[in-house]
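I'd like to ask you about the structure that follows.
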Amino acid sequence: MDKRTFLKQAAMVSLGGIPFFNSVEAAVKKFDHVPAADLAKDEDFWAAIRGGYKLKPDYINLENGYYCFLPQEILEHYINHIREVNYQGSYYMRTVQWDNKRKVAAKLAELAGCSTEELIITRNTTESLDMVIGGIHWNAGDEAVMAEQDYGSMLNMFKLIEKKQGIVNKIISVPNHPSSDEEIVELYANAITSKTRLLMVGHMINITGQIMPVRKICDMAHAKGVEVMVDGAHAFAHINFSIPDLGCDYYGASLHKWLSVPLGAGILYVKKGNASHVWPLLASGVDDKNDIYWLNQIGTHPVHTDLTISDSIDFYLKIGRDRKEERLRYLQNFWTSKVRNLPHVILNTPADPKRSCGIANVGVKGLKPQELADTLFKKYKIYTVAIDGANVHGCRITPNVYTTTEELDTLVKALKDLG
């Protein structure tokens, strides 16, 4: 037996002997026959999943949207990968590093429902989408369309390209409570002119959790000759979908969010045939501009994070795509349904369950968002984040699969007390 095989088997033996590893496996096996919508309400199953996390007891964490930290199973795999890469040193980096990264990228492509020729591993959503924004072959006077609710890093990149290359940015505002998909599509359509080159849309708006009608927006934009770039930071491994079904040209996401990968990994999807439309962030050794890997040079980086992506995918699929989505939607509706009609409460997320999933945003009349966040933390030991801008004034609430309904009842009590 070679050393690599021995270390891998030893790692699996050590994981198998840890209670949290066995509890998740047992729970999935026991409840495998239960429909996802029914299982979403079964607290026994989700208590077993919760047992796989090491949770800080000082506060209730309802800010998973920034970083969904690792369950212990993935953390142990991550530590083992660090040990193995450190053990092999330059030998690993000069021999199997790139083959392993491509294998993981292929596994991600399968998860995303796309070709291996269309997806690469990046460091985060910002790198993925800023590469597209900065790499498009712009001409002075070209226009880009986006929403004020889009993520700040991308908006800042568009501002930079506006100064650098003379493009024109046209910014719309997405209503928090749209009457229909068509209302949203029309907002984007009205901003498009003959000079529009690129439209950016969030798959799930990061500050409110609203799920956008991406396919309808893409179809409309393509009919007008406009490419579409989608920010999927909060949708990937949160809701169940296939990227090609969206019809977009570019898609970026961060894997440290809902896939629970260690910090420092993301994806960039480029529809086949579009890679040559973009200049890379850093020069690579790939000469074929139609090869997506000509966009994938980042230099020496933490390769153990790349390896852990595979373990995170396994954990996600073990819980189940639909099970996770249904649980997150159930948790959001669990608390929002109890406060939505309170006169002093403002919910900035649509009530229609098809328009949101685990994320919602709540405000309290008479309290600035930061005051609300401070009160929730200091008085009720609930950690969240204040959002105050882009027509959204409240706190973003992002539970995860380990969150209990009892914890959310604490949030409900706090919101009722503040009336």
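The values are calculated or read from the model by the stated rules, or taken from the named source; none is laboratory data. Bear in mind that the values here come from a model prediction, so they are computed numbers and not experimental data. Don't worry about glycine lacking a Cβ; one is built from the backbone with ideal geometry, like all the others, and counts go over all protein chains shown.
Which of the residues that make up segment 186-241 are without any contact (Cβ under 8 Å) to a residue 12 or more places away in the chain and among the hydroxyl-bearing types (Ser, Thr, Tyr)?
Selection gives SER194 alone.
Which of the strands (runs of 3 or more DSSP E) found entirely inside segment 216-277 contain at least 3 residues meeting this: at pLDDT 95 or above and in contact with a Ser or Thr (Cβ under 8 Å, 6 or more places away or on another chain)? Can you show your working first?
Working: elements: 227-231, 250-254, 266-270.
Those strands (runs of 3 or more DSSP E) span 250-254, 266-270.
Does segment 20-39 contain any residue that is modelled with pLDDT of 95 or more and not in a helix (DSSP H, G or I)? It would help to see each step written out before you state the result.
Start the filter on segment 20-39 by keeping residues that are modelled with pLDDT of 95 or more, which leaves 34-39.
Of the ones still in play, those that are also not in a helix (DSSP H, G or I) are 34-35.
Yes, segment 20-39 contains at least one residue that is modelled with pLDDT of 95 or more and not in a helix (DSSP H, G or I).
Hey, which of the helices (runs of 4 or more DSSP H) in segment 74-157, taking only ones fully inside, have at least 3 residues that are among the small types (Gly, Ala, Ser) and either in contact with a strand residue (DSSP E or B) (Cβ under 6 Å, 6 or more places away or on another chain) or surrounded by fewer than 21 Cβ atoms within 10 Å (Cβ to Cβ) (or both)?
Numbers: elements: 90-95, 97-112, 125-135.
Correct list: 97-112, 125-135.
Run down ALA144, ALA105 and say which single residue is small (Gly, Ala, Ser), closer than 28 Å to LEU307 by Cβ and touching a Leu at 6+ places or on another chain (Cβ under 9 Å). Full working, then the answer.
Working: ALA144 fails: closer than 28 Å to LEU307 by Cβ.
Among ALA144, ALA105, only ALA105 is small (Gly, Ala, Ser), closer than 28 Å to LEU307 by Cβ and touching a Leu at 6+ places or on another chain (Cβ under 9 Å).
May I pose another question? Restricting attention to segment 234-263, and to residues there that are within 14 Å of ILE120 (Cα to Cα) and among the aliphatic types (A, V, I, L, M), which single residue is surrounded by the fewest Cβ atoms within 10 Å (Cβ to Cβ)?
ILE243
Can you pull out every residue in segment 40-54 that is surrounded by 13 or more Cβ atoms within 10 Å (Cβ to Cβ), of a type outside the set (Ser, Thr, Tyr) and part of a loop (DSSP other than H, G, I, E, B)? Don't jump to the end; show me each part of the working.
Within segment 40-54, the first condition is being surrounded by 13 or more Cβ atoms within 10 Å (Cβ to Cβ), and the residues that meet it are 40-42, 45-53.
Narrowing further to those that are of a type outside the set (Ser, Thr, Tyr): 40-42, 45-52.
Hits for segment 40-54 are ALA40, LYS41, ASP42, GLY51, GLY52.
Across segment 316-340, which residue is nearest to the chain's Cα centre (by Cα) among those that are within 20 Å of LYS29 (Cα to Cα) and either of a type in the set (Val, Ile, Thr) or buried (at least 22 other Cβ atoms within 10 Å of the Cβ) (or both)? So that I can check it myself, show each step before the final result.
Start the filter on segment 316-340 by keeping residues that are within 20 Å of LYS29 (Cα to Cα), which leaves 316-327.
Still in the list and also either of a type in the set (Val, Ile, Thr) or buried (at least 22 other Cβ atoms within 10 Å of the Cβ) (or both): 319, 323-324, 327.
Working: ILE319: 17, ARG323: 17, LYS324: 14, ARG327: 16 Å.
Selected residue: LYS324.
Can you name the number of the only condition in (1) at pLDDT below 95; (2) within 17 Å of the chain's Cα centre (by Cα) that SER284 fails?
It is condition (2) that SER284 fails.
Separate question: Being surrounded by fewer than 23 Cβ atoms within 10 Å (Cβ to Cβ) and closer than 22 Å to ASP311 by Cα, is that true of even one residue in segment 264-287?
Checked segment 264-287: at least one residue is surrounded by fewer than 23 Cβ atoms within 10 Å (Cβ to Cβ) and closer than 22 Å to ASP311 by Cα.
Which one of these is under 25 Å from TYR293 (Cα atoms), touching a Gly at 6+ places or on another chain (Cβ under 7 Å) and not aromatic (Phe, Trp, Tyr): LEU111, LEU129, LEU119? Working first, answer last.
On the way: LEU111 fails: touching a Gly at 6+ places or on another chain (Cβ under 7 Å); LEU119 fails: touching a Gly at 6+ places or on another chain (Cβ under 7 Å).
Criteria check complete, one pass: LEU129.
I'd like to verify a number: residues in segment 370-419 that are closer than 20 Å to PRO57 by Cβ and of a type in the set (Lys, Arg), how many?
Total meeting the criteria: 4.
What's the total number of residues in segment 178-205 that are buried (at least 24 other Cβ atoms within 10 Å of the Cβ) and assigned to a loop (DSSP other than H, G, I, E, B)?
Number satisfying all stated conditions: 2.
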